[in-house]
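Please read the structure below before turning to the comments.
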Amino acid sequence: MSPLLEVAQISTIPSSEFIAALGGCYEKSPWVAERAHAAAPFASLAALASALREAVDGATDAERLALLRSHPDLAGKAALAGELTSESTAEQCHAGLSSLSADELARFTKLNEAYTARFGFPFILAVRNANKATIFAAFERRVHKIAWMRLNELVRPNPTGFLTCHVLDTARGCPAAGMRIELKRRVESSNGARGTRTRVRKTCGAQTQSTDAVTHAAAVGPGGGGGDSWAEVGSFLTNEDGRIVGALSASSGAKAAGTARRGPVLKDGAMARGVYEWTFHVGDYFAAAGATFAPCGTPFLGQVPLRFGIDDAESHYHVPLLCSPFSFSTYRGS
């Protein structure tokens, strides 16, 4: 895979190079990149995506209809004949559409034909992070999402995004101080296959280092199934306000990280699109806190794994946990 372009770089290259680099973001429609080039320079990857979107929104009805019709059917005749663009081929293969059973293929054919007959253009879905079940359940138009996902494969986002966390003890009505939390990231190779060793940045409070350690998890949930490979990002302790302040090492002890500088878990370019998972050691926290209502034996909640996705690496993702010995909830905050 070619190195990612920088936003500053893509903002200054000639129109011909711009079109060559980004012309494939919208299926067989390089005119979108050609018109978006006029909006340069771009402040961020999101601004670049917005310029591409505006080029489509400002096109004539005939041009936009031609763009829709240029997309291939999912698992359709073009795919079977090997006539897809390289982008569509990789995306459909990643979603498992190259290995359909006869019944699944017949179902796709029926759905494709019904959708085209009703709307006059093929069913379009961003399948890069989808699977067959997702596609069957979401037969609707996703043109700009496809372009956004392809753009992220070509241009590096600005290092403005960061990840934070906050844990609240809802049983006692206070911040969950001294809870151990671990963060890991799902590993994918350059061709989309999972389970390949990769080098990642490991950020622990104010310290950042590189690591190529890969762990394996059998957890099943959104974004993956059993046998996924995971790279450790870091291990942390919450401070008196229930926020992450630093790394937890084998010799640090339960309170050693409490003097570390507060700050984002991922920042300065370490923030990347992908699937992540927090592991909150809820059982240990409530046991150490001496909560009289917590079970004395096996805790109902020992560890709470929380899997989430980061799609925009230029934005702030705040992923907190509200917990008691018997329940938990989360949301994307700000």
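Could you tell me which residue of region 1-12 is least open to solvent (accessible area, probe 1.4 Å), considering only residues that are within 18 Å of ARG150 (Cβ to Cβ) and part of a loop (DSSP other than H, G, I, E, B)?
Selected residue: LEU4.
Look at region 268-313 and say how many of its residues are within 17 Å of MET179 (Cα to Cα), open to solvent by less than 40 Å² (accessible area, probe 1.4 Å) and modelled with pLDDT of 90 or more.
13
The values are calculated or read from the model by the stated rules, or taken from the named source; none is laboratory data. As the structure is a computational prediction, the values presented were derived from the model and not from experiment. For neighbour counting, all protein chains shown are included, and Cβ atoms are generated from backbone atoms with ideal geometry for every residue, glycine included. Surface accessibility is based on the protein's heavy atoms, side chains included, excluding ligands, DNA and RNA. Shrake-Rupley method; radii C 1.70, N 1.55, O 1.52, S 1.80 Å.
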